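The values are calculated or read from the model by the stated rules, or taken from the named source; none is laboratory data. Worth saying up front: this structure is predicted, and the values here are computed from it rather than measured. Here Cβ is always computed from backbone atoms with ideal geometry, including for glycine, and neighbour counts include all displayed protein chains.
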């Protein structure tokens with residue numbers, strides 16, 4: 001079981017880090033050789049990734065990275081807006097005092113990172129914000145679902161749009177158009193003030209705005 005879990009995490013990490021693109025096949029024998037494992041845990045890991053929607057299995061060819069359709073992207077972001085809205089509302093009810101300090105630190109760090117337009121740093125702090133709120137919900141099911149659907153949306157943006165900051169916008173245009181730091185600050189404020197309805201509304205708006213920013217041009 002440990003080897004299977006390790007194979008799963010390493011392959012998922014490769015997918016998230018862009019080692020594979022839509023249409024690329026993940027060859028079981030090659031992966032097993034690279035990871036220095038037998039084919040059994042690799043096969044189990046690929047089946048799990050297929051069940052989670054990261055891969056699709058082609059008859060007599062194996063597993064490949066699927067090319068998402070516009071409808072799939074729309075449905076994924078719509079579902080994410082619902083799940084993360086509930087996560088934010090739950091965090092507003094259940095967040096603890098020391099977690100409020102952590103959330104403040106993330107917002108402060110984000111402000112400094114956003115101004116330098118470093119895509120890798122921005123992706124990391126964006127992930128930290130969303131995953132931390134899921135953690136502060138103190139609902140392990142929400143936390144698991146948030147992480148899974150977050151990575152799907154991340155991959156769709158990477159595959160279809162480029163992640164995350166358009167280089168042709170200046171800083172003022174980024175803040176005005178992208179609005180993510182503004183949304184994050186308002187969501188954090190609602191959570192810290194223990195206003196679940198406001199936190200839910202703002203998070204839903206934020207996710208749907210992200211979808212519109214990247215896919216409705």
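For the stretch 114-128, check the following and say yes or no: at least one residue is at pLDDT 95 or above and outside the structural domain of residue 26 (by TED's automatic domain parsing). Yes, the stretch 114-128 has at least one match.
Residues checked against (1) surrounded by fewer than 16 Cβ atoms within 10 Å (Cβ to Cβ); (2) at pLDDT 80 or above; (3) in contact with a helix residue (DSSP H, G or I) (Cβ under 9 Å, 6 or more places away or on another chain); (4) under 23 Å from residue 78 (Cα atoms):
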site: 156; (1), (2), (3), (4): no, yes, yes, yes
site: 159; (1), (2), (3), (4): no, yes, no, yes
site: 164; (1), (2), (3), (4): no, no, yes, yes
site: 175; (1), (2), (3), (4): yes, no, yes, no
site: 179; (1), (2), (3), (4): no, no, yes, yes
site: 183; (1), (2), (3), (4): no, yes, yes, yes
site: 188; (1), (2), (3), (4): no, yes, yes, yes
site: 191; (1), (2), (3), (4): no, yes, yes, yes
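Among the candidates 202, 142, the residue that is at pLDDT 80 or above, within 15 Å of the chain's Cα centre (by Cα) and under 27 Å from residue 70 (Cα atoms) is uniquely 142. Within the stretch 54-71, can one find any residue that is out of contact with any helix residue (DSSP H, G or I) (no Cβ under 9 Å at 6 or more places or on another chain) and within 19 Å of residue 135 (Cβ to Cβ)? No: zero hits.
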